[in-house]
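The values are calculated or read from the model by the stated rules, or taken from the named source; none is laboratory data. In this text the structure is predicted, and so the values were computed from the model without any measurement. For neighbour counting, all protein chains shown are included, and Cβ atoms are generated from backbone atoms with ideal geometry for every residue, glycine included. Keep in mind that these areas ignore ligands, DNA and RNA; they rest on the heavy atoms of the full protein, side chains included. Shrake-Rupley method; radii C 1.70, N 1.55, O 1.52, S 1.80 Å.
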Amino acid sequence: MASLPPDSPPRSVDDSSPARAERHPIRSFVVETATGIGVLALVLGIAGAPEAVSGNRLADVSSARPRSLAEAVNAPEPALFGSDALGRFLVGAFGRSDTWPVWTTDSGALQRAGDLMSALQAAPNEGLDPRIYGLPVIEAALATRTPESLRKAEALLTRAALMFSLDRLLGQSRRNLPWDQKVALLKSEEHLRVEDLLAGLATADDLRSWLTSLAPVSTQYNALADALARYRSVSDPASGLALIPDGPALRAGDRDPRIPLVRARLLAQPATATHPGLAATEGSDTALYDEALADAVRTFQSAEGLGTDGILGPQTVASLNRGLGQKIARVETALERWRLLPRQLGPVHILVNIPQFELFLEDGNTTALRMKVAVGSPGRHATPLFSDTLRYMEFNPYWNVPPSIARAETVPKQRNDPDYMAKRGYTVTNASGDRVSPDEVDWSDAADVARNYRIRQNPGPGNALGSVKFMFPNRYSVYLHDTNAPGVFQRDNRAVSHGCIRVSEPKALADYLLAHNTAYSSRTFESFLGSSPRRVDLATPVPIHLVYITAWAEAHGDVRFFRDIYNQDTGLMSRMDENAHDFSTPWKEAAGPVTEARTALGEPLFALLSLREERP
């Protein structure tokens, strides 16, 4: 297997702060088990001991381990691995391989076992619930150091390492998926096989770096994990403050008895704690929503990803009432969203974050472009979330009006104004493809018109797609495009389209692609404008990812929170909770027959450690 790319070293965090109890009791677990590297080393028996296996290389392991432990491990006891599908898989894998043990010898734990335990204990730092890994049970087995306990530790360390690897690659919210589905997802999304992971766990020279390489390759992921550590390391400054009651929207100059509560909660927010507009003035009207306070509200709204209008409306009040625990939940959910994306987004890629209403063009480690976008409105016009590849641009495009839009909007407008279509450059063709005059069509039945006629808008300044569209053909029929109504980008809430994504700077995006990824590197956006369509293929398709992340770390480290416009976070939080099992779960299931584990292609596991490359 090709080595996975290294990333930054595992993060550490002060885990002494309270946990967000409403999600899952990670904090209590960490306080009980994450007792520090020094104590962990004593438990594992590796502190001050000579390295039992030089460099942790597979050849060294094979020669250094006592034969008695190797024989015992390679004649595995099913009860050690759990009775679920993962346990049965590992029994089959161990039974056909002489690779193991890799974590222990008859005298105790190897250094790589300590490295693995450290990584597992740090899992909460990136929003993963570690209870399923069974760390207390593993620690107890390693501390006992009997042949039986070390065989148990070898099995459980391998199980925990594979579960942790899958959590990073596929996400915690997928833990409950049937084993064969997880195997298929690993292959389709990451071009990896489970035996690739087992081989990496067994042979990686630097296990810490190898495990870290399984995490999303994104500065956002690391920055959000750092923010999560900060949030967990402090007490909630708003703890004990009364919630702001519901009430009418307030503008500067209004008076309301809730204003003292607003001021108190703004003082408890990191973004506004030192804002001069919150300074108390002797003799001032405490119920007055003055301009200075409105400016502090605008600062808070900007930090929260809200419209910066200074109006104290229901969304701003709800954000002010959000406690630290809720922010931790949002960051954990954002981290899970990154794990659900492809780990490698592409050296050059486009990312559209729907709730943020922004597009990013990333070129290596540089954000080459960042611009506002308008996305689909909530409900049936919501922009779908998926990854694809941008393949071409079409300048001066026609707009083929979808039947649903024709039925709901275009036909009624034509019915009310017989000149509507002519003024806006629409043409109509019948089922045979013959062009017909709008005067020949009976516009009274919108559904009938949508079924039997094709409505198309010609290129030009009034075209709804503007001057260019950026195409990544997909089953949803969505794409990026210019617009003839740029005023939409002055709005704070830009969830207004029928599903396609309108970009605020089409010229900048087109020029970048022309210069860097076409046969027309010397041409510009303007040179392709005209009255007829012109297609320009990209030399190399560019990955594009339509994502939904409601917590975003900015360059200065602050996290902005965006409104959950499609109400997606609640469902993901629930799935994460449902998949946060206790360690004992696999041993409660009815044990099934231990069958020979095979890949999705039917190949036996660990044939020559199955190291062949399968990446496209």
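On a per residue basis, segment 453-516 carries 42 Å² of accessible surface, using protein heavy atoms and a 1.4 Å probe. The phi torsions of segment 252-261, fed into the Karplus equation with coefficients 6.51, -1.76 and 1.60 and a -60° offset, translate into couplings of 3, x, 6, 10, 6, x, 7, 4, x, 5 Hz, rounded to whole numbers, with Gly and Pro shown as x. Atom-type composition of the exposed protein surface of segment 309-453 places 46 percent of the accessible area on carbon and sulfur (1.4 angstrom probe).
Pairs with C-alpha atoms separated by more than 28 Å, drawn from the list Lys327/Lys507; Lys152/Lys182; Lys327/Lys469; Lys182/Lys469, are Lys327/Lys507; Lys327/Lys469; Lys182/Lys469. For segment 450-563, the square roots a ≥ b ≥ c of the C-alpha gyration tensor eigenvalues yield an a/c of 1.5 or more together with a/b not exceeding b/c, which makes the shape oblate. Amide hydrogen proximity for Val436: with H placed 1.01 Å from N in the peptide plane, the residues at 5 or more positions away or on another chain lying under 5 Å are Val428, Thr429, Asn430.
What part of the accessible area of segment 209-281, given as a whole %, is carbon or sulfur when the probe is 1.4 angstrom? Ligands and nucleic acids excluded, carbon and sulfur give 59 percent.
About the centre of its Cα atoms, segment 192-241 shows a dipole size close to 180 debye [charges on the beta carbon of Lys, Arg (+1) and Asp, Glu (-1) only; nearest 20 debye].
For segment 136-153, 3J(HN,Hα) computed residue by residue from phi via the Karplus equation (6.51, -1.76, 1.60; θ = phi - 60°) reads x, 5, 5, 4, 5, 5, 5, 5, 5, 6, 8, x, 5, 5, 6, 4, 5, 5 Hz, glycine and proline entered as x. Shape class of segment 361-486 from the Cα gyration tensor (axes a ≥ b ≥ c, square roots of the eigenvalues): prolate, since a/c reaches 1.5 or more and a/b is larger than b/c.
A 1.4 Å probe, protein heavy atoms only, puts the accessible area of Met576 near 0 Å². The H on the amide N of Val496, modeled in the peptide plane, is under 5 Å from the matching H of Val375, Ser377, each at least 5 residues off or on a different chain. Annotation for segment 539-563 versus segment 246-288: alpha-carbon center distance of 32 Å.
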